[in-house]
1. Under the condition of being without any contact (Cβ under 8 Å) to a residue 12 or more places away in the chain and within 8 Å of DNA strand C (Cβ to nearest atom), which residue from the range A:183-194 is nearest to the other protein chains (Cβ to nearest Cβ)?
2. B:Gly73 is checked against (1) over 24 Å from A:Ile52 (Cβ atoms); (2) modelled with pLDDT of 95 or more and fails just one. What number does that condition carry?
3. Condition first: surrounded by 12 or more Cβ atoms within 10 Å (Cβ to Cβ) and either among the hydroxyl-bearing types (Ser, Thr, Tyr) or more than 30 Å from B:Val173 (Cβ to Cβ) (or both). Now tell me which residues in the range B:28-42 satisfy that.
4. What is the residue count in the range B:197-218 for residues that are away from DNA strand D (no atom under 15 Å from the Cβ) and of a type outside the set (S, T, N, Q)?
5. Collect the residues in the range B:161-194 that are under 16 Å from B:Phe220 (Cβ atoms), open to solvent by 10 Å² or more (accessible area, probe 1.4 Å) and over 22 Å from the mean Cα position of the chain (by Cα), keeping them in residue-number order.
6. For A:Arg142, indicate whether it is within 26 Å of A:Leu82 (Cα to Cα), open to solvent by 50 Å² or more (accessible area, probe 1.4 Å) and of a type outside the set (Gly, Ala, Ser).
7. Look through the range A:198-214, keep the residues that are touching a helix residue (DSSP H, G or I) at 6+ places or on another chain (Cβ under 8 Å) and in a strand (DSSP E or B), and return whichever of them is farthest from A:Ser181 (Cα to Cα).
8. Can you tell me which residues in the range A:42-94 are of a type in the set (Lys, Arg) and either outside any helix (DSSP H, G or I) or within 11 Å of another protein chain (Cβ to nearest Cβ) (or both)?
2 protein chains.
Amino acid sequence: MPTSDADRRDWRPIATVDTVILTLDEGSLKVLVHRRQRAPFAGAWALPGGYIRPGEDDSAEEAALRVLRTKAGLPNFYIEQLATYSGPARDPRGWSISVAFLALVPRDLLPDLAEDVSLAAVDGLPDLAFDHGRIVRDAVARLRGKGAYSSLPAALLPESFTLPELQRAYEIVLGDHIDASSFRRKVLDLDMIEETGEAQAGVSKRPAKLYRLTGAARTFNRTLGAA
Amino acid sequence: MPTSDADRRDWRPIATVDTVILTLDEGSLKVLVHRRQRAPFAGAWALPGGYIRPGEDDSAEEAALRVLRTKAGLPNFYIEQLATYSGPARDPRGWSISVAFLALVPRDLLPDLAEDVSLAAVDGLPDLAFDHGRIVRDAVARLRGKGAYSSLPAALLPESFTLPELQRAYEIVLGDHIDASSFRRKVLDLDMIEETGEAQAGVSKRPAKLYRLTGAARTFNRTLGAA
DNA sequence: ACAATAGTGTCTTTAAGACATTATTCA
DNA sequence: TGAATAATGTCTTAAAGACACTATTGT
């Protein structure tokens with residue numbers, strides 16, 4: 001059994017974070033990816049990520065937030081831990097462990113996309129570096145799963161939104177049609193949202209009222225749309 | 001910025017796994033804890049856990065299974081990744097990252113408890129080493145959350161069980177009464193379980209039929225009992 | 001026969017789906 | 001006034017809750 005410090009070092013895997021940034025863009029769910037500059041997988045699309053820096057980061061989540069600030073210019077949004085991926089083969093540099101986070105971001109909060117950054121539709125995802133394809137699929141499954149019985153999809157919308165916009169967000173996330181009447185009943189009865197007092201402006205049809213989320217996330221005890 | 005190998009070593013946190021083994025015992029939900037032999041927290045109750053061993057383990061999950069085999073003598077049961085806990089303060093030995101797993105185990109599958117092993121009720125948990133109290137609370141929240149709309153609580157029962165036993169498992173997990181008639185309807189209509197053909201023996205009352213789970217886990221689109 | 005619990009039947013209640021109808025805006 | 005979409009109302013349907021009732025075992 002190795003006991004010197006030099007040997008012990010090999011017991012510690014490479015520790016990183018990866019972030020799955022999901023948003024609604026042009027009517028579909030998309031994930032932010034960037035082109036890797038460096039090996040391994042130079043030139044391939046990948047999720048924003050980076051090393052955990054003990055001494056700089058107070059937790060894996062802080063590391064993820066640092067990555068999001070630095071690499072994507074994102075200040076404020078919904079984030080939750082997704083899962084942790086590990087093993088000897090996922091990174092050619094060696095046995096690694098990556099804590100993945102799921103961030104839901106309104107499209108208008110994303111800064112203009114640089115040359116090497118792109119929004120990829122989660123249906124028909126291109127090949128991604130490392131095991132990032134798998135991570136994105138897990139993230140989408142999490143969002144779809146929770147979306148059916150919680151207010152999570154609202155995190156994809158800006159602070160104020162119309163009820164039809166909210167319904168559309170649910171429909172895109174769940175991949176299923178929702179009846180407008182049922183939808184309004186449910187979100188209003190649950191006090192999930194409240195009117196801002198404002199209404200849409202600059203539309204050539206009846207303008208919809210604007211709403212905002214009331215307080216914290218909510219869960220339903222019965223599913224909307226798809227199971 | 002450090003560049004030598006010796007400096008880079010400090011970039012890598014201590015990587016461990018912890019396991020939350022939940023079971024039903026004497027009508028309540030309990031977690032398996034053991035008394036630590038060594039510092040830190042020698043003498044305190046803690047979750048079974050250990051270092052991830054690159055070279056020996058093929059993933060964090062494999063490391064957890066190794067821990068469960070070695071420390072708890074457990075062969076075969078339900079396991080899922082819970083979450084990852086990290087930071088400079090949770091382990092006095094330094095910046096650490098621990099991948100926690102949730103295991104659901106039938107009581108009769110647990111070997112006889114050694115002197116330094118105990119089942120602690122999750123309500124009124126004693127103080128635990130590290131951040132293990134927090135981890136157990138998260139595990140219980142996960143089980144309660146998923147239990148309301150899935151067949152997960154069945155993983156706490158032996159391979160064959162009666163319908164009243166299954167109902168009781170749900171009631172303990174959810175902390176709420178469930179109507180027997182509704183419960184039977186739901187569980188049978190969903191084809192979640194099937195009769196084994198056998199019945200209880202050695203009871204001085206009407207013996208209940210025995211069931212087993214049919215195939216894989218199921219989810220409901222409406223909650224049983226509590227939201 | 002009776003104690004005890006397994007298991008069934010039926011009515012009520014809750015909440016979602018379908019879908020017709022009305023309301024409000026701008027051009 | 002007409003196009004477009006927001007918002008409401010009403011009936012149907014699915015599934016859970018309440019609870020009375022019947023069934024089956026050992027003593």
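The values are calculated or read from the model by the stated rules, or taken from the named source; none is laboratory data. The structure displayed is predicted, hence computed values, not measured ones. For neighbour counting, all protein chains shown are included, and Cβ atoms are generated from backbone atoms with ideal geometry for every residue, glycine included. When the accessible area is computed, the model is the full protein with side chains, heavy atoms only, and any ligands, DNA or RNA have been set aside. Shrake-Rupley method; radii C 1.70, N 1.55, O 1.52, S 1.80 Å.
1. Here is the first cut: in the range A:183-194, the residues without any contact (Cβ under 8 Å) to a residue 12 or more places away in the chain are A:185, A:188-189.
Filter again for within 8 Å of DNA strand C (Cβ to nearest atom), leaving A:185, A:189.
Numbers: A:Arg185: 16, A:Asp189: 14 Å.
Here the answer is A:Asp189.
2. Just one mismatch for B:Gly73, condition (2).
3. Narrowing the range B:28-42 to residues surrounded by 12 or more Cβ atoms within 10 Å (Cβ to Cβ): B:28-36, B:40-41.
Hits for the range B:28-42 are B:Ser28, B:Pro40.
4. Residues of the range B:197-218 that are away from DNA strand D (no atom under 15 Å from the Cβ), as a first pass: B:211-217.
Now restrict to residues that are of a type outside the set (S, T, N, Q): B:211-213, B:215-217.
Within the range B:197-218, residues that are away from DNA strand D (no atom under 15 Å from the Cβ) and of a type outside the set (S, T, N, Q) number 6.
5. B:Asp179, B:Ser182, B:Arg184, B:Arg185, B:Lys186, B:Leu188, B:Asp189, B:Leu190, B:Asp191
6. Numbers: within 26 Å of A:Leu82 (Cα to Cα): yes; open to solvent by 50 Å² or more (accessible area, probe 1.4 Å): yes; of a type outside the set (Gly, Ala, Ser): yes.
Here the answer is yes, as A:Arg142 does meet what is asked.
7. Taking the range A:198-214 as the starting set, the residues that turn out to be touching a helix residue (DSSP H, G or I) at 6+ places or on another chain (Cβ under 8 Å) are A:208-209, A:211, A:213.
So of that shortlist, the ones also in a strand (DSSP E or B) come out as A:209, A:211, A:213.
Details: A:Lys209: 16, A:Tyr211: 17, A:Leu213: 19 Å.
The qualifying residue farthest from A:Ser181 (Cα to Cα) is A:Leu213.
8. Filtering the range A:42-94 down to residues of a type in the set (Lys, Arg) leaves A:53, A:66, A:69, A:71, A:90, A:93.
Selection gives A:Arg53, A:Arg90, A:Arg93.
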